[in-house]
1. Heavy atoms only, 1.4 Å probe, whole protein assembly: order PHE46, PHE55 by accessible area, highest first.
2. Using Cα springs under 10 Å in a Gaussian network model of the chain, which residue among LYS30, LYS115, LYS102 shows the largest mean-square fluctuation?
3. Per residue Cα convex hull volume for the range 1-100, in cubic angstrom?
4. With each run of n ≥ 4 DSSP H residues scored as -39500 (n - 2.57), what mean residue ellipticity at 222 nm is computed for the chain after dividing by its residue count and rounding to the nearest 500 deg cm²/dmol?
5. Listed here are the pairs LYS1/LYS107; LYS81/LYS115; LYS81/LYS127; which of them are more than 30 Å apart at the Cα?
6. Excluding TRP26 itself, what net charge comes from residues whose Cβ is under 14 Å from its Cβ, given Lys and Arg +1 and Asp and Glu -1?
7. List the aspartates and glutamates whose Cα lies under 18 Å from the Cα of LYS25, skipping any in the same chain that are fewer than 8 positions away.
8. How many percent of the accessible area of the chain is carbon or sulfur, using a 1.4 Å probe?
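The values are calculated or read from the model by the stated rules, or taken from the named source; none is laboratory data. Everything quoted here is computed from the prediction, not taken from an experiment. Here the Cβ is made from the backbone with ideal geometry for all residues, glycine too, and neighbour counts use every protein chain on show. Calculation scope for accessible area: heavy atoms of the full protein, side chains included, ligands and nucleic acids excluded. Shrake-Rupley method; radii C 1.70, N 1.55, O 1.52, S 1.80 Å.
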Amino acid sequence: KKMGSVDFKVKEVPDPYPKAAGLNKWTVSKSALKGAQMLIAEMKNFPFDRDALSFAVKSYNIIAYNASGERLNIPTVIGGKFNKDVVAAIENTTSGGTVTFKDIVAKRRGSKDEKNRRLGAIVYTIK
């Protein structure tokens, strides 16, 4: 027996925001950035269970310069963790220099059919 009906509006889940794990500032020390150990994709202002719906960083590129001002050529990093090249790039960045994580790609955990999400870039200034 039909008891009535209700129309629902379904919104797309918003893109997460990329950041280095545990960092909430854009000007950081080398040790703080290295200590983050990885990029994460965080849901901001998301009113639902973050454990049930979360994203993982799949890949990213990094732009950094050594002390001589030469751009370091670092291949695309697969996964969110900082590899030895990323740690070396952070270590070689001088005070006032920047480390840019760009072309960040994330995917919803537990989803096989959802497309990758491109999250853009984030820039950290070394103090």
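1. On the way: PHE46 25, PHE55 5 Å².
Putting PHE46, PHE55 in descending order of accessible area: PHE46, PHE55.
2. LYS115
3. Details: hull volume 13.4 nm³, N = 100.
Hull volume over Cα atoms, normalised by residue count, gives 134 Å³.
4. On the way: 2 runs with 16 residues, N = 127.
Counting only the DSSP helices, I get -3500 deg cm²/dmol.
5. Working: LYS1/LYS107 42 Å; LYS81/LYS115 21 Å; LYS81/LYS127 22 Å.
Result: LYS1/LYS107 exceed 30 Å.
6. Values: positive: LYS19, LYS25, LYS127; negative: none.
Counting the neighbours of TRP26, the net charge comes to +3.
7. Straight-line reach from LYS25, under 18 Å: GLU42.
8. On the way: 4260 of 8560 Å².
It is 50 percent, rounded to a whole number.
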